[in-house]
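This report concerns only the one structure given below.
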Amino acid sequence: DGGITQSPKYLFRKEGQNVTLSCEQNLNHDAMYWYRQDPGQGLRLIYYSQIVNDFQKGDIAEGYSVSREKKESFPLTVTSAQKNPTAFYLCASSSDRGTEAFFGQGTRLTVV
Amino acid sequence: DAKTTQPNSMESNEEEPVHLPCNHSTISGTDYIHWYRQLPSQGPEYVIHGLTSNVNNRMASLAIAEDRKSSTLILHRATLRDAAVYYCIPSLMDSNYQLIWGAGTKLIIKP
């Protein structure tokens, strides 16, 4: 079945450590996105990519980095520069801008 | 930036229709309106989207006001599985059609 897969589902990180969240899609979508969601809030865009080897900052990119070396993969690194990284992280993909977006099941990151 | 206004929460009885309102008075003529829903601890799920005319799919109907300042998501016969947070989201041409997420409406379905 086609879809978008995020791993791991739960992740614990010590303060000061970098951590990388995985996002893979087999939908042949060009566009991929990373969002952050805090409790009771909507989603906020961290980074997005519309084509391989290119990505753009979203509204809250500080303390995060991404790469897009393959069409299928869009990993997100939460760096130690992110002051409040504990959150629910969601990855999405779409065939084009403005079309239906497909989401992964999310990764819940907790800093301990 | 275009913003939307939705009720924080709504309640409905099982097997009855549900009308979820959304005000988006500042969107432009080229901005789409998307609806997504999210169950607890899961990723959002696409429901429907439209531009000017009413839209129907297997999940729901979307009624867009003629002046495009508001829209209504219609679930024709709510089930307990429809309990979720529903987001009304403008997709702005000026922002490369990025989705602008608000806090949504929490829909509670009573058996």
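Rule-based calculations on the coordinates, nothing more; no lab input. Owing to the predicted nature of the structure, the values given are computational and were not obtained by experimental measurement. Neighbour counts are summed over all protein chains in view; Cβ atoms, including those assigned to glycine, are modelled from backbone coordinates with ideal geometry.
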Next on the checklist: Modelling each spin label as a point 7 Å along the Cα-to-Cβ direction, I'd like the B:R81/A:I51 distance in nm, to one decimal.
Outcome noted: 4.0 nm
Item to check | Alpha-carbon radius of gyration plus Dmax, which is the widest Cα pair, for chain B in Å | outcome: 13.3, 43
Checklist entry - Gaussian network model of chain B, Cα springs within a sub-10 Å range: biggest mean-square fluctuation belongs to which of B:P17, B:P90, B:P40? => result B:P40
Item to check | Residue mean of other protein chain beta carbons inside 10 Å, B:42-49 | outcome: 6
Item to check | Cross-link table B:K69/B:K106; A:K57/A:K83; A:K9/A:K83; A:K57/B:K3; A:K70/B:K3, entries beyond 24 Å C-alpha to C-alpha | outcome: A:K70/B:K3
Checklist outcome for this item: 1/(1 + (r/R0)^6) with r = Cβ-Cβ of A:E69 and B:E11, R0 = 45 Å, i.e. FRET efficiency to nearest 0.05, evaluates to 0.40
